Amino acid sequence: MINTHEILDTIHMIDQEHLDIRTITMGVSLLDCAHPDPKEACRRIYDRICQRAERLVPVGEAIEMEYGIPIVNKRISVTPIALVAGCSETEDYTPFAEAMDRAADACGVNFIGGFSALVHKGFTTGDRRLIRAIPTALAATERVCSSVNVASSKAGINMDAVAAMGRAIKETAALTADAGGMGCAKLVVFANAVEDNPFMAGAFHGVGEAECAIHVGVSGPGVVHHALKKIPGASFDEVAETVKRTAFRITRMGQLVGMEASSRLGVPFGIVDLSLAPTPAVGDSVARILEEMGLEVCGGHGTTAALALLNDAVKKGGVMASSHVGGLSGAFIPVSEDEGMIAAVRSGALSLDKLEAMTCVCSVGLDMIAVPGDTPAETISAIIADEAAVGMVNSKTTAVRIIPAPGKSVGDTVVFGGLLGSAPVMPVHPGSAAVFVSRGGRIPAPLHSLKN
Amino acid sequence: MLRAIVTVIGRDQVGIIAAVCALLSEHQVNVLDISQTVLQEYFSMIMLVDCSDCSVPFAQLAERLRAAGEERSLDVRIQREDIFNAMHRV
């Protein structure tokens, strides 16, 4: 029998250290829902999602109860809508988002991802229409998340798409100004997007995936933080070992829950995403882990090195605990969703430039960052281009989820509520990138992408 | 066999084990193993039980245990054993 200490340890992790499964995400293929009549296509999309994900929430809740482990979110990701809607004879793709929203509501999930386009090399007609519809779609729906992949290590950076996304973000903020530009919190611009990401807002069901799959995103910054608290002053060898051991346990739990959900739903198990995903709750912060390693405040010198160690050790610990690892897998550093990050930005210790450096060594990118509402679209595009360059050259996923908060300036705070938290508005560099962004075309892929 | 772990945590008092065992036996749940410690006034009991013949659905049993614990200001929970195996055994 498992010993008392181990059992109490697990219960303590769940009760005191915010150990949870962050999300069970069901990926659903919509490829065969395409139809020349957009109304028929939307009907098929709605029916398909409802039919596949009907039992997702009750099954998730049953597992949660039986194992005594919180499963915070149950979500759905679908085939990038640009691929499905491309066949329909319509200019306006907003109804597709509305069909997704209705289906998400019917299934009881809080977010549905996949109002997406993959344009890293170029646009199809469907891609263009989808990008044009993003602002209205995000304003008209509650649960729909959108993502656009504008760069890859193989194809380079599509600068026309980068320019278009800067404008789309501005417009989305304007259309959702009542809610502080909330629409932008549901819009991600990717480089090297992954096809099996269970985390929102960037989740979509890639074309290489099966009809349907269950992916699991684990969490547990609080557990890692707590483990490190027990070894003050220890060498980095010991720090890395401790993170690995902790990540292993967290991931084993994710694997168990994923397998159980997959067998109960009769859907193949996809992957476990080994990410440390923070929440705004005290004690669930990635920034605080970095500070536990000995930094006075997250954002100071040494932060990038601390994050590099954390990110790597999480993967090494988690990879043996799971049959299939995928998604983004690493440490997330969303500013508004991390109590320690928010505090670091407020104190002036953490800047946009330092965050950019941090994204070179962790799993995603500039995430949930609020900037002044009067930031020009070209500046946002240039920020996207910088992040995409980091991703392209380092053959990793990077993303930008940025909120030009309408009517707000540096020092103000935008409150989104719930898991999305609140973001202090951060300054951007004043120098214009308008001429740079307006060049258009494609930044070629780096030499080391030619691996064949 | 559907094995689960019952944990009871809280301030020590007379009759904790009796109360939990009575509730379990009422629902045809068989106790396989018990371990119990009292640290200062802090009581913790861990039971390995078999729920294969449980007369009510697992969710209902969990809720009744929780409610019974609440009456005595105890934290009582039941969880499938697999989660502990997964986290602590390779």
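One residue stands out in segment A:426-452 among those that are of a type in the set (Ser, Thr, Tyr) and part of a helix (DSSP H, G or I): the one that is farthest from A:Pro406 (Cα to Cα), namely A:Ser449. In segment A:189-212, which residue that is surrounded by 24 or more Cβ atoms within 10 Å (Cβ to Cβ) and more than 19 Å from A:Arg143 (Cβ to Cβ) is farthest from the chain's Cα centre (by Cα)? My answer is A:Ala191. With respect to (1) in contact (Cβ under 8 Å) with a residue 60 or more places away in the chain; (2) closer than 18 Å to B:Ile83 by Cβ; (3) small (Gly, Ala, Ser); (4) in a helix (DSSP H, G or I), the lone exception for A:Ala313 is condition (2).
For segment A:236-258, indicate whether the set of residues that are buried (at least 18 other Cβ atoms within 10 Å of the Cβ), touching a Phe, Trp or Tyr at 6+ places or on another chain (Cβ under 6 Å), within 30 Å of A:Cys145 (Cα to Cα) and within 14 Å of chain B (Cβ to nearest Cβ) is non-empty. Yes: segment A:236-258 contains one or more residues that are buried (at least 18 other Cβ atoms within 10 Å of the Cβ), touching a Phe, Trp or Tyr at 6+ places or on another chain (Cβ under 6 Å), within 30 Å of A:Cys145 (Cα to Cα) and within 14 Å of chain B (Cβ to nearest Cβ).
If only residues of segment A:59-82 that are within 11 Å of another protein chain (Cβ to nearest Cβ) and on the phi < 0 side of the Ramachandran plot are counted, the one that is surrounded by the fewest Cβ atoms within 10 Å (Cβ to Cβ) is A:Glu61.
So the check is Cβ under 7 Å with 6+ separation or different chains; which pairs have a first residue in segment A:223-238 that's farther than 17 Å from A:Val282 by Cβ and a second one that's outside any helix (DSSP H, G or I)? The qualifying pairs are A:Glu238/A:Ile231. Among what's in segment A:1-32 and is in contact with a strand residue (DSSP E or B) (Cβ under 9 Å, 6 or more places away or on another chain) and at pLDDT 95 or above, pick the residue that is farthest from A:Thr251 (Cα to Cα). That would be A:Leu30. Here A:Leu31 meets the list (1) of a type in the set (A, V, I, L, M); (2) surrounded by fewer than 18 Cβ atoms within 10 Å (Cβ to Cβ); (3) in contact with a Cys (Cβ under 7 Å, 6 or more places away or on another chain) almost entirely, failing just condition (3). Counting only residues that are closer than 28 Å to B:Pro57 by Cα and surrounded by fewer than 11 Cβ atoms within 10 Å (Cβ to Cβ), segment B:9-32 holds 2 of them.
Taking the stated definitions as given, is A:Glu6 in a loop (DSSP other than H, G, I, E, B), charged (D, E, K, R) and either touching a residue at least 24 places away in the same chain (Cβ under 8 Å) or within 12 Å of chain B (Cβ to nearest Cβ) (or both)? In short, no.
For B:Ala22, the conditions (1) without any contact (Cβ under 8 Å) to a residue 24 or more places away in the chain; (2) touching a Lys or Arg at 6+ places or on another chain (Cβ under 8 Å); (3) more than 28 Å from A:Phe248 (Cβ to Cβ) are fulfilled apart from (2).
Checked against (1) part of a loop (DSSP other than H, G, I, E, B); (2) closer than 30 Å to B:Asp82 by Cα; (3) in contact with an Asp or Glu (Cβ under 8 Å, 6 or more places away or on another chain), A:Val72 passes all but condition (1).
Checking every residue in segment A:199-217 against the condition of being within 25 Å of A:Asn394 (Cα to Cα), touching a Lys or Arg at 6+ places or on another chain (Cβ under 8 Å) and not in a loop (DSSP other than H, G, I, E, B) gives at least one match. Of the candidates A:Val393, A:Val345, A:Val364, A:Val371, the single residue that is within 26 Å of A:Lys154 (Cα to Cα) and more than 16 Å from the chain's Cα centre (by Cα) is A:Val393.
The set of residues in segment A:218-271 being closer than 15 Å to A:Met293 by Cβ, part of a loop (DSSP other than H, G, I, E, B) and either within 26 Å of the chain's Cα centre (by Cα) or not polar (S, T, N, Q) (or both) consists of A:Lys230, A:Ile231, A:Pro232, A:Gly233, A:Ala234. The one condition from (1) assigned to a loop (DSSP other than H, G, I, E, B); (2) buried (at least 21 other Cβ atoms within 10 Å of the Cβ) that A:Ala399 does not meet is (1).
Selection within segment A:10-24: residues that are more than 8 Å from chain B (Cβ to nearest Cβ) and part of a helix (DSSP H, G or I). The member of this set that is farthest from A:Pro278 (Cα to Cα) is A:His12.
State whether the residues of segment A:30-52 include one that is over 19 Å from A:Val144 (Cβ atoms), among the aliphatic types (A, V, I, L, M) and outside any helix (DSSP H, G or I). Scanning segment A:30-52, I find no residue that is over 19 Å from A:Val144 (Cβ atoms), among the aliphatic types (A, V, I, L, M) and outside any helix (DSSP H, G or I), so the answer is no. Hey, can you tell me all the residues within segment A:83-109 that are assigned to a loop (DSSP other than H, G, I, E, B) and among the hydroxyl-bearing types (Ser, Thr, Tyr)? Passing the criteria: A:Ser88, A:Thr90, A:Tyr93. Total residues in segment A:298-310 satisfying the condition of being in a helix (DSSP H, G or I), surrounded by 24 or more Cβ atoms within 10 Å (Cβ to Cβ) and out of contact with any strand residue (DSSP E or B) (no Cβ under 6 Å at 6 or more places or on another chain): the figure is 2.
The values are calculated or read from the model by the stated rules, or taken from the named source; none is laboratory data. None of the values given here were measured: they were computed from a predicted structure. Using ideal geometry, Cβ is built from the backbone for each residue, glycine included, and neighbour counts are taken over all protein chains shown.
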